Amino acid sequence: MLSKEKVIARNNIHITGSGPKTLLLAHGFGCDQEMWRFLTPDLEERYTLVLLDYVGSGRSELSAFSESRYAGLEGYARDVNEICEALDLRQVHFVGHSVSCTIGLLAAIADPDRFASLIMVCPSPCFLNVPPDYEGGFERSDLQELIDLMDRNHLGWASFLAPLVLGGESTEALTGELSGSFCSTDPLVARTFAKATFFSDYRDLLPQSKHPALILQSKVDALANESVGHYVHKHMPESTLRVLPTDGHCIHMTHPGIVGDEIIAFLSGP
């Protein structure tokens, strides 16, 4: 087991706020903990927030990256479990964006006693179309083209993906920031994380969820359309679906007020 100090350094852990409930905020592919900054001012007034960078992202320790460990989302989930153990976190409310929703579900299934709930911002357990009953949004050939573009032009894929992810209501500044975040990720890390994100299918995990879950689905989302949110809700026990009047896949950045209000209402209970 890694020491507390090594886990904190590996994942660039930051803790803020002092509320009785603990929220662990986990970013999506190509991002880092800075993407939560639009939400944290409201949340840290009420809760204790634990923010992380996945290995290879943000200011994490790149030397800890292992292609074999992170070839699947299970490697990132192991890191989440190690963070909870090293910091002795209990009754954690896991707040994940995009692929981190699946990572959080994996972590909660592996160590259910550590977690209290899952809050999923624009989740997708599978980005692939799986006819006839599941529309993940992409054909395998489309995603393979994205991976090939990453190999050919590390800057070009970021410029292509960032505006698609953020949606039509985003600002030019946010689009530039996300594109820059994509570009700053080590190419091997980005490719490995992208394949683990976009080619995986974790739909079979949804019924295994043991915790209350809040699903925040964006009404318009080029990466995870509305039907994905309904699918997740249908197959996850104790889940609540909120389809929000938003455009884009990073609504914690583009519509933080709406997202923050939903999280606070969910954690406040009936």
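Read-outs: derived from the displayed coordinates by stated rules, not from any lab. For clarity, every value in this text was computed on a predicted model and none was experimentally measured. As a convention, Cβ positions derive from the backbone with ideal geometry for all residues, glycine included, and neighbour counts pool all protein chains shown.
Among the lysines, select those whose C-alpha is under 30 Å from the C-alpha of Lys234, and discard any that sit fewer than 8 residues away in the same chain.
Cα-Cα hits under 30 Å: Lys21, Lys195, Lys210, Lys219.
Taking the Cα-to-Cβ direction at Val220 and at Ser68 and moving 7 Å from each Cα, how far apart do the two end points lie in nm?
Computed distance between label sites Val220 and Ser68 equals 4.7 nm.
So for the chain, what are the equivalent ellipsoid semi-axes in whole Å, largest first, each being the square root of 5 times an eigenvalue of the Cα gyration tensor?
Working from the Cα gyration tensor, I get semi-axes of 25, 22, 19 Å.
If amide hydrogens are placed 1.01 Å from N in the peptide plane, which non-local residues have theirs closer than 5 Å to the one on Gly136?
Close amide H contacts, sequence-distant or interchain: Asn129, Val130.
How do Glu169, Glu177 rank when sorted from fewest to most other Cβ atoms within 10 Å of their own Cβ?
Details: Glu169 13, Glu177 18.
Going from sparsest to densest Cβ surroundings: Glu169, Glu177.
Would you mind computing, in nm to one decimal, how far apart the modelled labels at Glu238 and Asp88 are, each placed 7 Å from Cα along Cα→Cβ?
Here the answer is 2.5 nm between the modelled labels.
Starting from 0.36 nm per residue, how many nanometres of slack lie between Arg140 and Leu164 once their C-alpha separation is accounted for? Present the calculation step by step, with values, prior to reporting the outcome.
Working: separation 24, 0.36 × 24 = 8.64 nm, distance 1.77 nm.
The Arg140-Leu164 span can extend by a further 6.9 nm.
Can you give me the long-range amide H partners of Thr240? Hydrogens built in the peptide plane at 1.01 Å from N, cutoff under 5 Å, separation of 5 or more residues or another chain.
Hits under the 5 Å cutoff: Ala213, Leu214, Ile215.
Given the chain, what percent of its DSSP beta bridges are antiparallel, to the nearest 5?
Details: 5 of 32 bridges.
DSSP beta bridges in the chain are roughly 15 percent antiparallel.
So what are the three principal axis dimensions of the stretch 1-44 from its Cα atoms, in whole Å, longest to shortest?
Largest first, the stretch 1-44 extends 34, 30, 11 Å along its Cα principal axes.
Using just the helices of the chain, give the 222 nm mean residue ellipticity in deg cm²/dmol: DSSP H runs with n ≥ 4 each add -39,500 (n - 2.57), and the total is spread over all residues, rounded to 500.
Helix-only estimate at 222 nm: -12500 deg cm²/dmol.
Give the Cα extents of the stretch 27-161 along the principal axes, in whole Å, largest first.
For the stretch 27-161, the Cα extents along the three principal axes come out at 42, 37, 33 Å.
Once each part is reduced to its C-alpha centroid, what is the distance from the stretch 48-82 to the stretch 177-220 in angstrom?
That distance is 13 Å.
Obtain the nm distance between the two label points defined at His14 and His154 by a simple spin-label model: each point lies 7 Å from its Cα along the Cα-to-C-beta direction.
My value for the distance between the label points is 2.5 nm.
Can you pull out the chymotrypsin sites (Phe, Trp or Tyr not before Pro) in the stretch 135-215 whose DSSP state is coil and whose Cβ has at most 16 other Cβ atoms within 10 Å?
Details: sites: Phe138, Trp157, Phe160, Phe182, Phe193, Phe198, Phe199, Tyr202; in loops: Phe199, Tyr202.
Answer in residue order: Phe199.
Give the long-range amide H neighbours of Lys21: residues separated by 5 or more places, or on another chain, with amide H under 5 Å away, using H modelled in the peptide plane at 1.01 Å from N.
Here the answer is Thr48, since their amide H atoms fall under 5 Å of that of Lys21.
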